[in-house]
1. Could you tell me which of the residues B:256, B:244 is modelled with pLDDT of 65 or more and under 28 Å from residue A:97 (Cβ atoms)?
2. Identify all residues within segment B:241-259 that are free of Cβ contacts under 8 Å to residues at least 12 places away in the same chain and of a type outside the set (Val, Ile, Thr); write none if there are none.
3. Among the residues that make up segment A:294-313, is at least one of them within 14 Å of another protein chain (Cβ to nearest Cβ), part of a loop (DSSP other than H, G, I, E, B), at pLDDT below 85 and surrounded by 24 or more Cβ atoms within 10 Å (Cβ to Cβ)?
4. Of all the helices (runs of 4 or more DSSP H) wholly in segment B:448-550, which have at least 2 residues that are over 25 Å from the mean Cα position of the chain (by Cα)?
5. Would you tally the residues in segment A:207-243 being part of a helix (DSSP H, G or I), more than 14 Å from residue A:18 (Cα to Cα) and within 14 Å of chain B (Cβ to nearest Cβ)?
6. Any residue at all in segment B:65-81 that is aromatic (Phe, Trp, Tyr), at the interface with another protein chain (Cβ under 10 Å from one of its Cβ atoms) and under 19 Å from residue B:192 (Cα atoms)?
7. Given the conditions (1) crowded, with 24+ Cβ neighbours inside 10 Å; (2) touching a residue at least 40 places away in the same chain (Cβ under 8 Å); (3) within 9 Å of chain A (Cβ to nearest Cβ), and given that residue B:34 satisfies all but one, which numbered condition is not satisfied?
Amino acid sequence: MSGGVLLQAVLSGLADGSVIALVAVGFTLVWSLTRVLALAHGDLVVAAALTGVLVVVGRTPVDISLDPVRSVAVVVVAVAAGVALSVLAYAVTVRPFLDRSQRAEDLLGWVAGGVTAGLVVRTALGLALPAAAYAVPDPFHLDALTSSGSLGLPGGGSLQVRVFPVLGVALVVAAAADVFITRSRLGRSMRAVADDVDAAALCGIPLERTVVAAFALAGLLAAVAGLLHAPAQSIAVDDGALLGISGAAAAVLGRLGSPRGAVAGGLVLGVAQQLLALDSHLGPGWAAALAPAVLVAVLAVRPGGLRAGRQVAVE
Amino acid sequence: MTSFAQDLYLLLAAYGLALPVSYAGLPVLSQGAFVAVGAFGTALLAAHGAPLGVAVLAATALAGVAGYVVGFAATRLAGASLALATWGLAWLAYVVLTKFPAVSGGSQGLLRPTPARLVSPSLGVVLTMQPWLHVVAAGVLCVVAALAVRRAAAGPWGLDWAALRTSPVLADSLGVPVQRRRRALLSAGAAIGALAGAGTGVLVGVVAPADYSPLLSLQLFVAVLVGGTATWWGPAIGVALLAALPSASDGVASAAGIDPLRAQGVLTAVLLIAALALRGPVGRRVPAVFERFLSARRSVVGLPSAPDVVPTHPAGVVLALTDVHVRYGAVQALDGVQLELRAGEVHALVGPNGSGKSTALRVAAGVVAPDSGDVRIRGAVAPVAGNAAPRVQAGVVRTLQRTAMLGELTAATQVAIGVRATEQDVAGQGWRHLFGTPLARRLERRRSGRALAALTRVGLSARSDVPAVSLDSAEQRLLQIARATATGATALLLDEPAAGMSQPQRVRLGEVLRSLARAGHGVLLVEHDMALVGRVADRVTVLAEGRVLASGAPDDVRADPEVQRAYLGDVTDPRHRREEQAPA
């Protein structure tokens, strides 16, 4: 294996991983505020991006070059769709099963609600976009950095040039989200709610509004992830569920509830997938199985992982 | 005929999944994966020359083992993480099936050898599996599964299941082997799912990955939820709706001019939402009727003379803590505590907030392991701390501060869960009940007798058929005590049993505590109400900052100047002053 090929795998992996990281941050944010798993989160990623394309380009999207106005329109519609779907998913499939006043939750209810929401999103989208997979235009024009869209690497191997801006944009967005959570008033409210719901409520933090804001932020991150991910390859309506599994695996890998851990987990997972795909004995099958395997293995081996750093009293 | 047999196999898989979901309250999203283990396992083994019957049994056993392994993770995972882990498992199975053609035969799937024959050389029987034979086999399996589950739920296992799905913590505190029950239910559910998968595979003749996607897990999960918690008919309704899907979606597809597969997705989604909305009303009403039916039947059986669960002990030490140290981070919660509880006495443990009372109680109950020191139960070294269940077997049980944790169950059922801890003398009770042996019926009579005795002791016998939520807060406290005594424990650890009680209720509680001591129990009482302590306690131990300040008869302890200074003197809460002045 040449150094160039290895370098290509690592760089592509980092780009993939940064997209997974954005999904994972949303997932982890939702968990820490509501103790609910966003089981439909991955479907939102694909749904947001495809909605943007669907509205602006039409029902038969092709990989055309978008003019600046339509590029902006795709981004705006996709982000709006991501935010709206995330808040809607909360209102319809999560909120009814939480009863904060009695401190009881309907576990089976929100688990079923979450997976159902994912199915509904996939199905609705599938009605509008019946083909198996679509090549969609890139509103960010990330391939236009070089004329061919790819870059030769020293030592052989070539790389899609878009991995650099994808990595850059994703990390900048993740960092901005981190700054927002740690510095802004609303972000601090979110952390207070995540830390202790009752104490936050006693301090006069509007609980419901804060939780809705967190879901909106998660939806926004999902939309950006979708816009970065979708143009890299042809995308299918059903791809979202596995992307959600990858995001969950990354979040668990970085300790659920920690946004920075989620970013790290996403990058590690992305690179590991690419390296596995590179190995001639193992191949792409193992790369695809990695995320769900990591999810299951981490939860089984480190059961306290979900709640590590926050001991919940038994009574 | 073929599609009807297929639906019956689907129902069988749903009954399997109902065990962990409805009865243990575990969110298991991976039943489709277990079904796939059965289907592909059978096909692979048959392709490698194994006789069909052997292949089916081997694949089923394999899934059972897989379920048991998942059970080990489930014993340590909180509910939400189990949902995530099993959802991951469902996808892992699907990815493996789609990406590894060696396992699954690729998108074409695997073919079973034709014709499908069950051969038994020793009996000289050769059975060719026609579709009608599948209908018979699947139908019989479904009926057996439904009846067995329903019967088991009405017996000793059902009591354990009711406790652990309502509150695992409380179930543990009453001696229910929570982890063992969960593993058993997961394992049995997975094996039944695999059996259904094997049957489907043999019936259809080809197993392809697309039929075993996570959507199957999801459909089965919601089918089980339709009937709400713990019903034997819920899965049947859910699967009947699922079975109607393909033909209904074909109709919708041709009417709306869309892809039939997508139409099926739309209808599944609609069904799921409807099931979620319906399961509350449907699920609430029927179990209530069921519960009434059960308790009615119990009283028809006729109660034998209630035996006293507690053998009267000679006045010996039933529980002893020696030089116990516990540290939480920077806080030394217990700093060399000595404590002795004798049979037939009420021993009050008092002290200011944060003095270590509750920690001492938890060490005694085995839910907190001491950093150093010695805990002995009737002279023998106490079982390792962690789960409470072994302590309950050894005769030590505690009540929890929180009440109202077993809401919908009647008082009699709740106390019967406690009685289960006394039933270790007969092995295989769940099985005996399943087959209705005479011994099981005698045990059931003994159980209801003991439950009634425990309720009578706290004065709640007239309320035995009332759901716990309908009891007032004082009655709920008394029910907790009845539940604890029903375990046959010699040492009762009561954590603030008077909290939220009015003065007359406290008087009644005091009488109950005295009568428990008379019956031979050792009662360790953590309590703030000094008037109550003065009335009922034979001995008082005062804790302050993790140390024993004084121990002895109530009057002596009150007179101790050091106690007055540390505990009663400089307490700013005016409540304590009032209680101190109250006549003892």
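1. On the way: B:256 fails: under 28 Å from residue A:97 (Cβ atoms).
Every option except B:244 fails the conditions.
2. Kept after step one, since they are free of Cβ contacts under 8 Å to residues at least 12 places away in the same chain, are these residues of segment B:241-259: B:244, B:247, B:251, B:253-259.
Result: B:244, B:247, B:251, B:253, B:254, B:255, B:256, B:257, B:259.
3. First, pick out the residues of segment A:294-313 that are within 14 Å of another protein chain (Cβ to nearest Cβ): A:294-313.
Cutting the leftovers down to part of a loop (DSSP other than H, G, I, E, B) gives us A:302, A:307-313.
Next, from what is left, pick out any that are at pLDDT below 85: A:302, A:307-313.
Adding the requirement that they be surrounded by 24 or more Cβ atoms within 10 Å (Cβ to Cβ) leaves none.
No, segment A:294-313 has no match at all.
4. Working: elements: B:473-486, B:503-518, B:530-536.
The helices (runs of 4 or more DSSP H) meeting that bar are B:503-518, B:530-536.
5. Number of matching residues: 4.
6. Within segment B:65-81, the subset aromatic (Phe, Trp, Tyr) is B:68, B:72.
Filter once more, keeping what is at the interface with another protein chain (Cβ under 10 Å from one of its Cβ atoms): B:72.
This time we only want the ones that are under 19 Å from residue B:192 (Cα atoms), so: B:72.
Yes, because at least one residue in segment B:65-81 is aromatic (Phe, Trp, Tyr), at the interface with another protein chain (Cβ under 10 Å from one of its Cβ atoms) and under 19 Å from residue B:192 (Cα atoms).
7. Single failed check for residue B:34: (3).
One line per residue, one yes/no per condition, for (1) farther than 13 Å from residue B:42 by Cα; (2) aliphatic (A, V, I, L, M):
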| position | (1), (2) |
| --- | --- |
| B:171 | yes, yes |
| B:177 | yes, no |
| B:184 | yes, yes |
| B:188 | yes, yes |
| B:203 | no, yes |
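The values are calculated or read from the model by the stated rules, or taken from the named source; none is laboratory data. Since the structure is predicted, the reported quantities are computational estimates derived from the model, not experimental observations. Note: ideal-geometry Cβ built from the backbone for every residue, glycine included; neighbour counts use all protein chains shown.
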